[in-house]
There are 2 protein chains.
Amino acid sequence: MVIVQKFGGTSVGDLDRIQNVANRVSKTLKEGHQVVVVVSAMSGETNKLIAYAEHYTATPERSELDMLLSSGERVTAALLSIALNAMGHPSISMSGRRAGIVTDSVHTKARIESIDPSIMHAELAKGNVVVVAGFQGVSEAGQVTTLGRGGSDLSAVALAGALEADLCEIYTDVDGIYTTDPRIEPKARKMDQISYDEMLELASLGAKVLQNRSVELAKKLNVNLVTRSSFSDAEGTLITKEENIMEQPLVSGIALDKNQARVSLGGVIDRPGIASDLFTRLADNSVNIDMIIQTLGHDGKTNLDFTVPKTELIDAQTIVEQFVAEGEISEASYDENICKVSIVGVGMKSHTGVAAKAFQTMARENINIMMISTSEIKVSMVIDEKYAELAVRSLHSAYELDK
Amino acid sequence: MVIVQKFGGTSVGDLDRIQNVANRVSKTLKEGHQVVVVVSAMSGETNKLIAYAEHYTATPERSELDMLLSSGERVTAALLSIALNAMGHPSISMSGRRAGIVTDSVHTKARIESIDPSIMHAELAKGNVVVVAGFQGVSEAGQVTTLGRGGSDLSAVALAGALEADLCEIYTDVDGIYTTDPRIEPKARKMDQISYDEMLELASLGAKVLQNRSVELAKKLNVNLVTRSSFSDAEGTLITKEENIMEQPLVSGIALDKNQARVSLGGVIDRPGIASDLFTRLADNSVNIDMIIQTLGHDGKTNLDFTVPKTELIDAQTIVEQFVAEGEISEASYDENICKVSIVGVGMKSHTGVAAKAFQTMARENINIMMISTSEIKVSMVIDEKYAELAVRSLHSAYELDK
């Protein structure tokens, strides 16, 4: 098999940890696989370089930042390659450019446009391990670019796609994706496998592990993604396409998002386009709207409730108050003490009653549901934040995720 | 004018010193020049990375070392470019590869084969300062290479040649080339200018400032080289072709080399090719021979004296003793307590009596001359090491270099 293994900053945090990574790669090689390794900068290195740049200006040129920051991954790649060679595994390190990663020219958050895997293929054919500096590529103009947050994961997924690798393993300090946050529900189980779509809906469970950008790319390129720990031998969680998952559980996991605030608007003038005006203005100011519920109020006016990230509440409030001042909305209230609990599972598509069980569970615990939204594979409920943990544990048990 | 300015590791040793370099570049820009800057890694950085590599093996792959070490100069180049941009001077940093530097593939001590200055020209034409990571290039095969010791100076000289720059300024912590070592003779004067050939012969004076490799390249490419201090505004020393130097002094400087040892062979069998056999064997074992003197001894045998660097004396001794054991040489003695004093000056070509004055000066001080060798522009004498400083001071005064 061709396996792409990606190790993040913590996994390559010091020289001994890089040796540890070399040992793991060695093990994979001895199992008879061909390995391409993607590495991040040693943890702390990127922040150090950013601090250096900010010594001169708060707004360094983005292209220069890319030149600066891309050096960290090169160092790790060379060191890992040296460690592998020293163990008797022929190895060659490569910059993103040399690995064939071409991006657009949006410096510090470039998007991968194409990958030419021919040099990597040639080195693998020679029996070499290929160690690629993650997080970086080269623009059409020939300048080094970086891919932004989670960039090394993206490098790994994109390389796995271009190489038609059998597996792309993302090593972190967490050993997989759990049915819910184990700090809230100790009975949470690590999943063996999950579909791309479920993983995307469970983002809040996986955010510390995988960014949605990487999962979306894996889905697009049909890359089998495994997230596992570089500090243990435990099997991780396979994220793959729905068809590959043999036994699909009704519900895969329970996600909790505490970073939400609710905006409740009452007495909204019932003129065509007012919702459009409001949400356009919010979008123009980079306020992200999650759930929206509109209900008919008394006297022909409507009520409009929506949620925004807590960090964007002030921006949202400023805009809403302009509408209030203009008389288009009679009252607005804001509530930061809410949270969003979601039930996710592809099994919902073919089974009825999944949502009903969620509402029953909330009712049994006397938890009031303020807002509901559903998708094909998800039911989300906004509730009072103080019931967050109770809700998660009750739902986890109701859907028998601890079994 | 187009000016290439090179700043070594001490000059870019920390963030404030990089700011200092930016200020100096700014000054040059304000004088109306176009500037290409070549930078080394921040001092200590390269040694740190080598220590990292040696954590895994004493013999890291040279190509991987190049990948590792080349990152240091990239960081400095990006930081200087950020500092310049922050001061309002549009600037772009480049790796050696992007600056068009193509080398052979002898990793860790590559030789520059060609430079394509077109990208640099394009950026200069746009009004940018071009900041190039020194010490590095790219092989025909596309792998990053480094140029070995003094590599950033070589980058600077080679770029100046390719750009047909008017001047290549090498900034260090020394403010130029002196008529002799000022620690030995406080009356030593900084020279305003000196020819390439004189500089090459005065290597021991300039070794801390410039390596011969760089001076040879400057001569070959006809680059006007200036060595000056990054910590003061004092004018440096211009190293240029002989024709450019208006007033050629008889003697330019006095060099002292304490790193020599003498090997004296007596009773060398007088067969054809014996000297050739001996010196071939020494060369094969990487022993560098400097001066050689052969004299006819009694009974048809010859005497052979030569000097080697002190660090190579043990190797030389091993080989010589093999010849002694084979009966081809009857006696060998070794003397580490010697030094070589040289008088250098292009004026010697057209003036007689320069060497005679040196011998008279030694005689007046009762210093015995053990060996003499001369070239068109140099007279070297091997003397007892204990007279080293006395000889230098007497000669410095005899040729009126303090005037």
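Each reported figure results from applying straightforward, stated rules to the coordinates on display, with no laboratory input. From a predicted model like this one, the values you see are computed outputs, not experimental measurements. Neighbour counts run over all protein chains shown; Cβ positions are idealised from the backbone, glycine included.
Could you tell me which of rounded, prolate or oblate describes the protein assembly as shown, using a ≥ b ≥ c as the square roots of the eigenvalues of the alpha-carbon gyration tensor, with rounded for a/c under 1.5 and, failing that, prolate when a/b is larger than b/c and oblate otherwise? It is prolate, given that a/c is not under 1.5 and a/b is the larger ratio.
Treating r as the C-beta distance of B:ASP384 and B:ASP299 and R0 as 35 Å, the FRET efficiency rounds to 0.75.
With the label put 7 angstrom out from Cα along the Cα-to-Cβ vector, B:ASP384 ends up 10.2 nm from the copy partners, going from closest to farthest. Between the range A:209-269 and the range B:316-365, the C-alpha centres lie 79 angstrom from each other.
Measuring from each Cβ of chain B to the axis that turns chain B onto chain A, the shortest distance belongs to B:SER71, 2 (residue, then whole Å). The antiparallel fraction among DSSP beta bridges confined to the range A:2-172 stands at about 20%. In the assembly of identical copies, B:ASN303 has its label point, taken 7 Å from Cα in the direction of the beta carbon, separated from the corresponding points by 11.6 nm (ascending, one decimal). Note on chain B: with charges restricted to the Cβ of Lys and Arg (+1) and Asp and Glu (-1), its dipole about the Cα centre is near 1020 debye. Once the chain from B:ASN244 to B:ALA355 is taken as fully extended at 0.36 nm per residue, the excess over their C-alpha distance is 37.4 nm. Which residues in the range B:236-252 place their backbone N less than 15 Å from a point set 7 Å from the Cα of B:SER375 along the Cα-to-Cβ direction? It comes to B:242, B:252, nothing else.
How charged is the neighbourhood of B:THR302? Take every other residue with its Cβ under 11 Å from the Cβ of B:THR302, and add Lys/Arg as +1 and Asp/Glu as -1. Computed value for this residue: -1. Considering only A:LEU15, A:LEU69, A:LEU84, the mean-square fluctuation computed in a Gaussian network model of chain A, springs between alpha carbons under 10 angstrom, is largest for A:LEU15. Taking 35 Å as R0, compute the FRET efficiency from the Cβ-Cβ separation of A:GLU400 and A:LYS126 and round it to 0.05. Given R0 = 35 Å and the Cβ-Cβ separation, E is 0.10. Spin-label pair A:ALA325-A:SER264: with each label point 7 Å from Cα along the Cα-Cβ axis, the two points sit 2.5 nm from one another. Give the shape of the range A:2-172 as rounded, prolate or oblate, defined through the alpha-carbon gyration tensor: a ≥ b ≥ c are the square roots of its eigenvalues, a/c under 1.5 means rounded, and otherwise the shape is prolate if a/b is larger than b/c and oblate if not. Oblate, since a/c reaches 1.5 and b/c is not below a/b. For the range B:190-276, trypsin sites (Lys or Arg not before Pro) are listed when DSSP marks them as loop and at most 16 other Cβ atoms sit within 10 Å of their Cβ; the list is B:LYS208, B:LYS241, B:LYS258. Between B:HIS121, B:HIS55, B:HIS107, which gets the highest mean-square fluctuation from a Gaussian network model of chain B, Cα cutoff 10 Å? The residue that fluctuates most here is B:HIS55.
Length gained on full extension, A:LYS187 to A:GLU140, computed as 0.36 nm times the residue gap minus the Cα-Cα distance: 11.9 nm. Return the percentage of antiparallel bridges among DSSP beta bridges fully within the range A:71-172, rounded to the nearest 5 %. Around 50 percent antiparallel, to the nearest 5.
Among B:MET42, B:MET1, the order by Cβ neighbours within 10 angstrom, fewest to most, reads B:MET1, B:MET42.
Taking the DSSP beta bridges with both ends in the protein assembly as shown, the antiparallel portion is around 60 percent. Placing a label point 7 Å from Cα along the Cα-to-Cβ direction at B:GLU243 gives distances to the equivalent points in the other copies of 7.7 nm, listed shortest first. Dipole magnitude for the protein assembly as shown: about 180 debye, using +1 per Lys or Arg Cβ and -1 per Asp or Glu Cβ, origin at the Cα centre.
The ranking of A:GLU123, A:GLU312 by Cβ neighbour count inside 10 Å, starting from the fewest, reads A:GLU312, A:GLU123. Charge tally around B:GLU385: other residues with Cβ under 11 Å, Lys/Arg +1 each, Asp/Glu -1 each, net 0. About its Cα centre, the range B:2-172 has a charge dipole of approximately 320 debye under the convention of +1 per Lys or Arg Cβ and -1 per Asp or Glu Cβ, with nothing else charged.
Using the Cβ-Cβ distance between B:ASP116 and A:ASN288 with R0 set to 51 Å, the FRET efficiency from 1/(1 + (r/R0)^6) comes to roughly 0.60. Connecting C-alpha atoms closer than 10 Å in a GNM of chain B, tell me which of B:ALA133, B:ALA356, B:ALA325 has the biggest fluctuation. Among B:ALA133, B:ALA356, B:ALA325, the largest GNM mean-square fluctuation belongs to B:ALA325. Shown here for the range B:145-201: GluC sites (Glu not before Pro) in loop regions (DSSP other than H, G, I, E, B) with at most 16 other Cβ atoms within 10 Å, namely B:GLU164.
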